[in-house]
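Working notes, beginning with the structure itself.
Readers should treat all values here as calculations from the given coordinates under stated rules, not as data from a laboratory. Computed from a predicted model, the values in this text were never measured in an experiment. All Cβ positions, glycine included, derive from the backbone under ideal geometry; neighbour counts span all protein chains shown.
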Amino acid sequence: MAESEEELKSLLMKVKEESEKVGLKLNIQKTKIMASGPITSWEIDGETVETVSDFIFLGSKVTADGDCSHEIKRRLLLGRKVMTNLDSIFKSRNITLPTKVRLVKAMVFPVVTYGCESWTVKKAECRRIGAFELWCWRRLLSSLDCKEIQPVHSEGDQPWYFFGRNDAKAETPVL
């Protein structure tokens, strides 16, 4: 990360020089730059560096404007996929309910909450996450009356609640 274009250029040149000292080469075709403001085209040693508006870093989508709604939706879709893949286990009568609950907590929720420390969660996303959690429990307990099921986490107790920014008044997320 850098505060200015000049600082970023010097950092990239330093990485390139240090890499060459140990026999490595910086691949400019694989190098990408993302800026929060306007940026001119970049060149290092005559090669153009690609400028992107978003990319996947360590499994999480990072955008230039800091909006996490797409990442949250993507994580919820991944969680739904895991949940539907476990259908045969959830329908099995040989597996006890506590074991099924542990499976959901161990296999589904970590997929959804991966990288949640950097999310900026608005009220709409918080409701969407809560709805997903209820959907998981309803799917797990489909034979029971689901009208009485309440979320496991209360307001302020969600794993994502204290990370990032949870401000319903904010129109744009703040990093």
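Quick rundown of the values:
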quantity	calculated
Principal semi-axes in Å for segment 5-52 [√(5λ), Cα gyration tensor, largest first]	20, 11, 9
Neighbour-count order for Thr99, Thr40, Thr63, fewest beta carbons within 10 angstrom listed first	Thr40, Thr99, Thr63
Per principal axis, descending, Cα span of segment 57-148 in whole Å	48, 28, 17
Relative contact order (percent, whole number), segment 57-148, Cα cutoff 8 Å, 6+ residue spacing	38 percent
Leading residue at positive end of dipole, segment 57-148 (Cβ point charges), from Thr63, Val121, Ile89	Ile89
Segment 5-52: relative contact order as a whole-number percent, Cα under 8 Å and 6+ apart	30 percent
